[in-house]
Amino acid sequence: MKIAINGLSGFVGGYVSKFLASKGHEIVPIKRALYNDTQGLKKAIEGADVIINLAGANISKKWSEEYKKELYSSRINTTKNLVKTMSLLKNPPKIFISTSAVGIYKSGEEHDESSDRYDEGFLGKLAKEWESEANKAKEFGVKTAIFRLSVVLGNGGALEKMLPVFKFGLGGILGDGKQGFSWISINDLARAYEFVINSQKEGVYNLSSPNPVTNKIFTASLAKALNRPAFFKVPNFALKLKFGEGAVILLEGQKVYPANLLAQGFKFEHENISEALENLIC
């Protein structure tokens, strides 16, 4: 298939595009500059069988009021422009897959896709509006799938930032360590994209392992995989000092389950956190 995709410079976008290309699909990059050029964007995505929306500024930074505007614009405005341009196509895509996040769900609870218990903070509201803009593609007949991503583990992203600290034996639990930690290996994530592209079934999908853990268990598993201690504990105030309001993504969490993928027959290669980390690190 011809697959148009944005966010290629990111950890997830880069991996997914290479994975799909290895399966014989033609990858068409959607460059950031095209969002200010409707005709250029239209030309780039015309004839695509699939459009994947992975644009979005890095959420793991300090959320100043200015940066929150960037988080919003890079998700909401980009998706809005993409959907508007899709509506102008003579041959719209067979399926549109747009990104969201498990941060849409209320912290401290367990959720699958049937849950309507949403977070009322900035992250939850951002995800809800993000999904709302993507779902407007349904209004002109494009099948739309929303992928709610959990923490993606691979040779990049969050894990890449953690490894140096843990390798020096300085890793530790964040806050009280009881917060839910939902995760997925980068390869299972890419396979999920291929799975939904092949099935062309729309709806909401939690991209998360069937076995979410807590931050405490994740920390212990990573330390064990590296054969290093992890005695330290990072207090709440230190994280809030560094990340401001954005510390919520480290201090809060939920356990999220991929009910829809499992119901449709998707098989995870990495279901256990210890096995997944050992596979990535070895």
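The values are calculated or read from the model by the stated rules, or taken from the named source; none is laboratory data. In this text the structure is predicted, and so the values were computed from the model without any measurement. Here Cβ is always computed from backbone atoms with ideal geometry, including for glycine, and neighbour counts include all displayed protein chains. To get the accessible areas, we keep the full protein, side chains included, count just its heavy atoms, and leave off ligands, DNA and RNA. Shrake-Rupley method; radii C 1.70, N 1.55, O 1.52, S 1.80 Å.
Just to be sure before I move on: is LYS62 under 22 Å from GLY7 (Cβ atoms), open to solvent by 20 Å² or more (accessible area, probe 1.4 Å) and out of contact with any helix residue (DSSP H, G or I) (no Cβ under 9 Å at 6 or more places or on another chain) in the structure I sent? Criteria not met by LYS62. Of all residue pairs spaced 6 or more apart or on separate chains, those with beta-carbon atoms under 9 Å, a first member in the range 236-252 that is of a type in the set (Phe, Trp, Tyr) and a second member that is at pLDDT 80 or above are PHE243/SER60; PHE243/LYS61; PHE243/LYS62; PHE243/TRP63; PHE243/ILE249; PHE243/LEU250. Here LEU163 passes the criteria (1) open to solvent by 10 Å² or more (accessible area, probe 1.4 Å); (2) touching a strand residue (DSSP E or B) at 6+ places or on another chain (Cβ under 9 Å) except the one numbered (2). If only residues of the range 218-248 that are in contact with a strand residue (DSSP E or B) (Cβ under 7 Å, 6 or more places away or on another chain) and of a type in the set (A, V, I, L, M) are counted, the one that is modelled with the lowest pLDDT is LEU239.
Condition check ((1) surrounded by 22 or more Cβ atoms within 10 Å (Cβ to Cβ); (2) over 15 Å from ILE197 (Cα atoms); (3) at pLDDT below 95) across all residues:
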site: PRO29; (1), (2), (3): no, yes, no
site: LEU34; (1), (2), (3): no, yes, yes
site: ALA48; (1), (2), (3): yes, no, no
site: ILE52; (1), (2), (3): yes, no, no
site: ALA55; (1), (2), (3): yes, yes, yes
site: LYS84; (1), (2), (3): no, yes, no
site: SER87; (1), (2), (3): no, yes, no
site: HIS111; (1), (2), (3): yes, yes, no
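Within the range 32-70, being among the charged types (D, E, K, R) and free of Cβ contacts under 8 Å to residues at least 24 places away in the same chain holds for ASP37, LYS43, GLU65, GLU66, LYS69, GLU70.
Which pairs have Cβ atoms under 7 Å, sit 6 or more apart or on different chains, and link a residue in the range 183-199 that is under 17 Å from SER98 (Cβ atoms) to one that is basic (Lys, Arg) and surrounded by fewer than 22 Cβ atoms within 10 Å (Cβ to Cβ)? Going by the 7 Å Cβ cut-off, the qualifying pairs are GLU194/LYS23. Assess whether GLY24 counts as being more than 19 Å from SER87 (Cα to Cα), part of a loop (DSSP other than H, G, I, E, B) and modelled with pLDDT under 95. No; evaluated as a whole, the condition is false for this residue. The residue list GLY14, GLY103, GLY124, GLY40 contains one member that is part of a helix (DSSP H, G or I), open to solvent by less than 50 Å² (accessible area, probe 1.4 Å), out of contact with any helix residue (DSSP H, G or I) (no Cβ under 7 Å at 6 or more places or on another chain) and on the phi < 0 side of the Ramachandran plot, which is GLY14.
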